Amino acid sequence: MFEEPPLPTLDPNPWWGPGERQEDNVAVTQFKINVPEKDLKDLKDRLSLPLRLTPALEGTNFTYGFNSDTLSRIITYWIKNYDWRKRETKLNKYPHYKTQIEGLDMYFLRAAANVGVRKDVKVVPLLLVHGWPGSVVEFYGILPLLTTPREGSNVVFEVICPSIPGYGFSQGSSKPGLGTLQTAQIFLKLMKRLGYDQFYIQGGDWGSFIVTEMAILYPQNILGVHVNMVSMMTTTQRLKIWLGSLLPTGLVFSEGDKPHHHYPLSDFFALLMQETGYLHIQATKPDTIGTALDQSPVALAAYILEKFSTGTNLDNLHKPDGGLLSKDYPISIDSILDNICVYWFTGTITTSVRFYSENVNKNLENRPTNQIGVRVPSGLSMFIKDIALLPESIVKHKYLDIVTYRFHDIGGHFAAMECPDLLAADLHEFSTAVENRD
C-alpha cells in the first residue's frame, strides 16, 4: 500500500567514547562481578537512613504510584534478608566478558550450549537482548532452558546476552545520538567479533526494537528474529487498527482476531497516558530523573519495582501490595532486587533512561525503518498481560515471513522472568521450524 523508504545510512565507525576517536581495543577479556565492600557498606548505610514516606491515601493501593507501606516492607526485607554476596555468586554462574566497540566497553555474558548425549541436535547462536528497566538478570531463569536439548526441538542455543550501552556493566555513550539503530550496529559487530556471522536474535521491550532493527539492516546475518513485544508499526498497521475501530467485525478483523486489547481506542489511549508518564520524563529530561534516582536506593527501588508491578499485570494497580508480595506473583523479590542492584552498583540509571531521549525524543515514530518490513524468518510471542499486544493479522504487515505466532493466556511484559518455560518453548519451536525449512 505504501512504498518502503530506503534503508538508513549509518556511520560505519562512529566513536561513542569520551574525547577524540581512538583505535578500539578488540580484545575480549573475561570479567567477574565483584562489588567492592565499600559499595556494599554505602548501600546499607543509605538503606538504613530513616524513611521519609508519605502515607498512602486510603484505599488507593497502587493507583497513585508505589504504595508507601509496601515500599517500607520491601526495604526492610532488602536490609535484613537479601544477601548480595550470595546473589553475586549466582550471577557469576555464567562467564562474563567485556570488549571495546566504537569507543565503548561493551559487556556480555555467554551461556554455552550443553548437548549432553543428544546426537540429533544442532547448536545455533542466539543473541538475547533485554530492555528497560531490565538487564541480563532477566534471563537467568530461561538460559538453562535454551542451552539444553528440549523434547520436540532439534536445536540448542549458544546464548550471548549483552547489556545495551549505558545499562549495567556496558559503558554509556559520551555523545548524543546512540539509539536502537546504532545499538543494532554495535551488537552485529559484537557477534562478528565472537565468530558468529549468522545467528538468531530475540528481544522484548527495547530489545524487540533493537533486534527488529538488526533484522531489517542486516538480513544476511540474521537466521531468524523472535520478539515478545511489538511496538514498531507501519502506517498500514496503524490504519488497519483505526479502521477496525470504526467498521463492523468481519470487514477488517474477524471476531477471533480482533485486537480487543486496543478497543475501544479511547480506553487504550487513556491507558497509555496513565502508564507512560515515566516515558515522557525519560524522553525529555532523563538527567533530571536519573540524578534523583541515583542518590537514593529507596527511590530507585520504588521507580523500578512499580514497573514490575504494572508490567506483569495492570490489575496490580488495585492491590495494596501491587501484587509484588503476593504468593502467586511470578517473579521473586530477590530477582528484582538483583536487577535493581545492578543498576545501583554500576550507577547506570541515568545513562539507561537517556536511551528514551535518543529514541523517543529523536523521531521514533518517523524513523525510516518503521515503514520497512522484516523479511527474515520471524517468530512472535504475545503474553496477555503485556500492554503491547497485537494479533497476527496486524503484525504480519511488519513481519513479512512469520514462521510462528503464539498467543499465551498468562504472562506479561517480563516474559523471560514470568514465563521462562513458555518463552523458551516458543524459541525452540521457532528455530526448529526455521532450521527444518527446505
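Side notes on the structure shown:
- Residue count, segment 397-438 (criterion: part of a loop (DSSP other than H, G, I, E, B) and under 27 Å from Pro5 (Cβ atoms)): 4
- Single unsatisfied condition, Thr60 versus (1) part of a loop (DSSP other than H, G, I, E, B); (2) in contact (Cβ under 8 Å) with a residue 60 or more places away in the chain: (2)
- Flag: Leu389 matches the condition of being within 30 Å of Thr70 (Cα to Cα) and either modelled with pLDDT under 95 or aliphatic (A, V, I, L, M) (or both).
- For Asn359, the conditions (1) buried (at least 18 other Cβ atoms within 10 Å of the Cβ); (2) more than 27 Å from Glu4 (Cβ to Cβ); (3) touching a Ser or Thr at 6+ places or on another chain (Cβ under 9 Å) all hold with the exception of (2).
- Only one of the numbered conditions (1) assigned to a helix (DSSP H, G or I); (2) on the phi > 0 side of the Ramachandran plot is violated by Asp39, and that is (2).
- Within segment 404-418, the residues that satisfy the criterion of being among the hydrophobic types (A, V, I, L, M, F, W, C) and either buried (at least 20 other Cβ atoms within 10 Å of the Cβ) or at positive phi (or both) are Phe414, Ala415, Ala416, Met417.
- Pairs meeting the criteria (first residue in segment 27-48 and over 28 Å from Ser72 (Cα atoms), second residue of a type in the set (A, V, I, L, M, F, W, C) and modelled with pLDDT of 95 or more, beta carbons under 6 Å, at least 6 apart or on different chains) are Ile33/Leu91.
- As for segment 121-144, it holds no residue that is hydroxyl-bearing (Ser, Thr, Tyr), over 22 Å from Arg437 (Cβ atoms), in contact with a Lys or Arg (Cβ under 6 Å, 6 or more places away or on another chain) and in contact (Cβ under 8 Å) with a residue 12 or more places away in the chain.
- Lys93 being without any contact (Cβ under 8 Å) to a residue 40 or more places away in the chain, basic (Lys, Arg) and either out of contact with any Cys (no Cβ under 6 Å at 6 or more places or on another chain) or under 30 Å from Glu23 (Cβ atoms) (or both): no
- Residue check, Leu71 assigned to a strand (DSSP E or B), buried (at least 19 other Cβ atoms within 10 Å of the Cβ) and at pLDDT 95 or above: no
- Residue count, segment 364-396 (criterion: in a loop (DSSP other than H, G, I, E, B) and either touching a Cys at 6+ places or on another chain (Cβ under 8 Å) or free of Cβ contacts under 8 Å to residues at least 24 places away in the same chain (or both)): 1
- Taken together, the criteria place Lys327 among residues that are surrounded by fewer than 17 Cβ atoms within 10 Å (Cβ to Cβ) and either modelled with pLDDT under 95 or more than 28 Å from Ser173 (Cβ to Cβ) (or both).
- Selection count where residues are touching a Ser or Thr at 6+ places or on another chain (Cβ under 7 Å) and more than 23 Å from Ala416 (Cα to Cα), scope segment 182-210: 1
- Whichever residue in segment 5-36 is outside any loop (DSSP other than H, G, I, E, B) and among the polar types (S, T, N, Q) and, among such residues, is surrounded by the fewest Cβ atoms within 10 Å (Cβ to Cβ): Gln30
- Scanning segment 183-231 for residues that are of a type in the set (Gly, Ala, Ser), part of a loop (DSSP other than H, G, I, E, B) and either touching a helix residue (DSSP H, G or I) at 6+ places or on another chain (Cβ under 9 Å) or surrounded by 24 or more Cβ atoms within 10 Å (Cβ to Cβ) (or both) gives Gly204, Ser231.
- Filter result for Asp421 (closer than 22 Å to Leu127 by Cβ, touching a Lys or Arg at 6+ places or on another chain (Cβ under 7 Å), modelled with pLDDT of 95 or more and surrounded by fewer than 24 Cβ atoms within 10 Å (Cβ to Cβ)): no
- Residue ranges of strands (runs of 3 or more DSSP E) in segment 87-182 with at least 2 members under 19 Å from the mean Cα position of the chain (by Cα) and buried (at least 20 other Cβ atoms within 10 Å of the Cβ): 104-111, 122-129, 155-162
The values are calculated or read from the model by the stated rules, or taken from the named source; none is laboratory data. Only a predicted model underlies this, so the values are computations on that prediction, with no experimental measurement involved. Using ideal geometry, Cβ is built from the backbone for each residue, glycine included, and neighbour counts are taken over all protein chains shown.
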